[in-house]
Amino acid sequence: MRVRIALAEKGVKFEYKEQSMRNKSALLLEMNPVHKKIPVLIHNGKPICVSLFIVQYIDEMWKQSPLLPSDPYERTRSMFWADFVDQKIYDMKRNMMWTTRGDEQEAAMKDFIDSLKKLKRALCPKSLADPHKIYSYAMKLRKIHRLSDQV
């Protein structure tokens, strides 16, 4: 989803191919022989794998409407927190959904909430202190929501 949103945000036309992870296509296995996972962006016959790297590639390839900050520190910080969401938040959410015992589910919920609080502390004070930035942030979220409905 992240890659499709980035491509749509940049106005890049693309062909989306649905992929069954139970029955992996020869194209997927050829283009991502290491991880054998999606997403894979094939640009000019060359594969780019892993959604964060694909988004970075898209941002550098199509310069209009930057997705990531131009400042190297802020860009790296953005990538760090996106990776945190991928590695921590999604895994915790999955654990919470698949845990059936009450005490384990409560512990998983607590870990999930603690991680969301870390994310909020890291990102919100700086970006949401200014009312104009709150509006800008809300408009970006609205645009992402609209784009996610289109892709």
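Only the coordinates and a few stated rules stand behind these numbers; no lab work does. Because the structure is a prediction, the values reported are computed rather than measured. Quick reminder, even Gly has a Cβ in these numbers, built from the backbone with ideal geometry, and neighbours come from all protein chains shown.
Ordered by the number of other Cβ atoms lying within 10 Å of each residue's own Cβ, fewest first, Lys110, Lys46 fall into the sequence Lys46, Lys110. Neighbour counting of Cβ atoms within 10 Å sorts the residues Ser115, Ser65, fewest neighbours leading, into Ser65, Ser115. Put in order of Cβ neighbour count within 10 Å, fewest first, the listed residues Met109, Met21 become Met21, Met109.
Here the Karplus curve 6.51 cos²θ - 1.76 cosθ + 1.60, taken at θ = phi - 60°, turns the phi angles of segment 77-93 into couplings of 4, 4, 5, 4, 6, 5, 5, 4, 4, 4, 7, 9, 4, 4, 5, 5, 4 Hz, with x standing for Gly and Pro.
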